[in-house]
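Trainee: Okay, handing you the structure first.
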Amino acid sequence: SVLLAEIAQGLPDAVWQRYRRLMEGSRDETLTTDEHRELMNLVDRVECDHARRLARVAKLARLRGISLEEAMRQLELMPASIV
């Protein structure tokens, strides 16, 4: 259950809101240099968080004796296009 809680724990909503706002600015090409730097730092943070969660899902899969894909399906972590 500790592993499931760690998998479920993601980045705070405030981080995601800022990330989305900066991504919009990037698409619109309206970011300042500081905002671009902040976005790059957030991209790194998001990628690290996803890697951390995926490693924990892989550990859960090993403990359950199932494939990583099956564990992701059970946890509803698969993108809709893959399911």
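Trainee: HN-Hα J couplings of the stretch 65-74 from phi, Karplus 6.51/-1.76/1.60, θ = phi - 60°, integer Hz, Gly and Pro as x?
Mentor: After applying 6.51 cos²θ - 1.76 cosθ + 1.60, I find x, 10, 6, 4, 4, 5, 4, 5, 5, 4 Hz.
Trainee: Label MET78 and GLN17 with points 7 Å out from Cα along Cα→Cβ: what is the distance between them in nm?
Mentor: The modelled label-to-label distance comes out at 3.4 nm.
Trainee: Follow-up question, since we're still on this one. Just subtract the alpha-carbon distance of ASP49 and GLU35 from 0.36 nm times their residue separation and send over the number in nm, one decimal.
Mentor: So the extension gain works out to 3.0 nm.
Trainee: What's the angle, to the nearest 10 degrees (0 to 90), between helix 13-28's Cα axis and the longest principal axis of the chain?
Mentor: Approximately 50 degrees, to the nearest ten.
Trainee: Taking all protein chains as present, what is the carbon and sulfur share of the accessible area of the chain, in % to the nearest whole number, probe 1.4 Å?
Mentor: Of the solvent-accessible surface of the chain, carbon and sulfur hold 52 percent.
Trainee: Taking the chain as the region of interest, what is the percent of Cα-Cα pairs per 10 angstrom bin, listed from the shortest bin to the one with the maximum distance?
Mentor: Going out from 0 Å in 10 Å bins, the chain shows 16, 37, 27, 16, 3 percent.
Trainee: While we're here: Multiplying the sequence separation of GLU24 and LEU68 by 0.36 nm and subtracting their Cα-Cα distance, what value in nm do you get?
Mentor: The GLU24-LEU68 span can extend by a further 12.6 nm.
Trainee: For the chain, what does the accessible surface come to per residue with a 1.4 Å probe? Please give it in Å².
Mentor: In whole numbers, the chain has 73 Å² accessible per residue.
Trainee: Can you tell me the 0 to 90 degree angle between the C-alpha axis of helix 33-64 and the longest principal axis of the chain, rounded to 10?
Mentor: With rounding to tens, the tilt is 0 degrees.
The values are calculated or read from the model by the stated rules, or taken from the named source; none is laboratory data. Just so you know, these numbers come straight off a predicted model, no measurement behind them. Please note: Cβ atoms are built from the backbone with ideal geometry, for glycine as well, and neighbour counts cover all protein chains shown. To get the accessible areas, we keep the full protein, side chains included, count just its heavy atoms, and leave off ligands, DNA and RNA. Shrake-Rupley method; radii C 1.70, N 1.55, O 1.52, S 1.80 Å.
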